[in-house]
Amino acid sequence: VMSAELRPKTLEAFQRYVQATEARIDSELKRPGAFLYVDGLPEPRRSQIRAQLQRGEVFMDRLYTVDASGRKITAPDALIHHWIGAVFIPGVTLRQTIDLVQDYDHHQDIYKPEVVRSKLVGRNGNDFKIFYRLRKKKVITVTLNSDHDVHYYPVDDKHWYSRSYSTRIAEVADADQPGEHEKPIGNDGGFLWRLYSYWRFEERDDGVYVECESISLTRDIPVMLSWLIKPFVTGIPKESLQMTMGSTRAALLAPHATSDSK
């Protein structure tokens, strides 16, 4: 009853969503003097968000990508979750920020309890292969083994961006028990089939602005299991990104983090 199947038509729709989103991001990255997503918002909203970030808050908003005709792109038998989060970290440099987010072996400390285990598998310049064991809990607890390719793009000494793509996500049954095993990929609980993230980093105003767009793909919510699955499927994407942004800010503001990197 709990199982769901990831179908080719679902993946095709997700890829259309990703391609359209990346086209929008590419155009934003080319804007002179408006590197961040927030920079493209109209006033007074832009100033309100900047004030929110300066107060140390995490900005969160739900996004939707549309096709050429202006219609939302949806995935059959699945849900696409698209959120953006942003923080401002005063008193740190871009180099300190990049060093922290690239320290994948210690993400299990920075982003616990959701990141149970993290490991840098390989690196070639600004391209990384990483492993995460994720544990997400909301009514039910789900453990996932996941592999990701992460690519960083330095623009100049004040601006970087990166893109992270999940290449393998396997749900773990009986996690941390003697009989632990992975369920068949794409034929599991469907709680996370894809996870892509798009980061932007800008050093400005005596600190660093960090933005992250997260696009994830999960199963649809069957009516009979809505009480069990809906809180997890609809709540986790936002809460996970909010935790990630807040934890990034907290780690960079920790005295040992800023002193060690200077």
Dipole in debye (nearest 20) - region 9-69, about Cα centre, beta carbon charges: Lys, Arg +1; Asp, Glu -1:
120 debye
Based on DSSP loop calls and a cut-off of at most 16 other Cβ atoms within 10 Å, the longest stretch of the chain free of exposed GluC sites (Glu not before Pro) is what?
58-179
Springs between alpha-carbon atoms under 10 Å, Gaussian network over the chain: tell me which of GLY85, GLY246, GLY70 tops the mean-square fluctuations.
GLY70
Take the alpha carbon gyration tensor of region 33-175, find the square roots of its eigenvalues, order them as a ≥ b ≥ c, and report rounded if a/c is under 1.5; if not, report prolate when a/b exceeds b/c, else oblate.
oblate
If I take every Cα pair under 8 Å that is 6 or more residues apart in the chain, average their sequence separation and divide by the length, what percent do I get for the relative contact order?
22 percent
Magnitude of the Cβ-charge dipole of region 1-131, K/R +1 and D/E -1, about the Cα centre, nearest 20 debye?
180 debye
Three-way shape label, region 1-117, alpha-carbon gyration tensor, a/c 1.5
oblate
Using amide H atoms built in the peptide plane, which far-off residues or other-chain residues are under 5 Å from ASP220 H to H?
ALA78, LEU79
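Using only the Cα atoms of region 160-262, build the gyration tensor, take square roots of its eigenvalues as a ≥ b ≥ c, and label the shape rounded, prolate or oblate: rounded if a/c is under 1.5, else prolate if a/b is larger than b/c, else oblate.
prolate
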Rounded to the nearest 10 Å², the accessible area of ILE110 using a 1.4 Å probe with every protein chain kept is 40 Å²
So, how do all the Cα-to-Cα distances of region 53-100 break down into 10 Å bins, in percent, from 0 on up?
19, 32, 24, 22, 3
Please calculate how many Å² of accessible area the chain carries per residue, with a 1.4 Å probe and no DNA, RNA or ligand atoms counted.
48 Å²
Relative contact order of region 97-169 (C-alpha contacts under 8 Å, at least 6 apart) in percent is 20 percent
Might you report the magnitude of the Cβ-based charge dipole of region 148-258 about its Cα centre, with Lys and Arg at +1 and Asp and Glu at -1, to the nearest 20 debye?
300 debye
Calculating Rg and Dmax of the Cα atoms in Å from this structure picks out, from (i) 18.1, 53; (ii) 20.8, 69; (iii) 18.5, 57, entry (iii)
Grab region 21-164 and count how many Lys pairs have their alpha-carbon atoms under 19 Å apart, sequence gap of 8 or more, or different chains.
6
Accessible surface of HIS81 in the full protein assembly, 1.4 angstrom probe, to the nearest 10 Å²?
10 Å²
Considering only TYR198, THR65, GLN96, whose Cα is most displaced toward the positive end of the charge dipole of the chain, charges sitting on Cβ of Lys, Arg (+1) and Asp, Glu (-1)?
THR65
For region 1-101, what is the relative contact order in percent, using Cα pairs closer than 8 Å and at least 6 residues apart in sequence?
30 percent
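The values are calculated or read from the model by the stated rules, or taken from the named source; none is laboratory data. Nothing here was measured: the structure is a model prediction, and the numbers come from that model. Counting neighbours? That spans all protein chains shown, and the Cβs are built from the backbone with ideal geometry, glycine included. Protein only, heavy atoms only, side chains kept; ligands, DNA and RNA dropped before computing areas. Shrake-Rupley method; radii C 1.70, N 1.55, O 1.52, S 1.80 Å.
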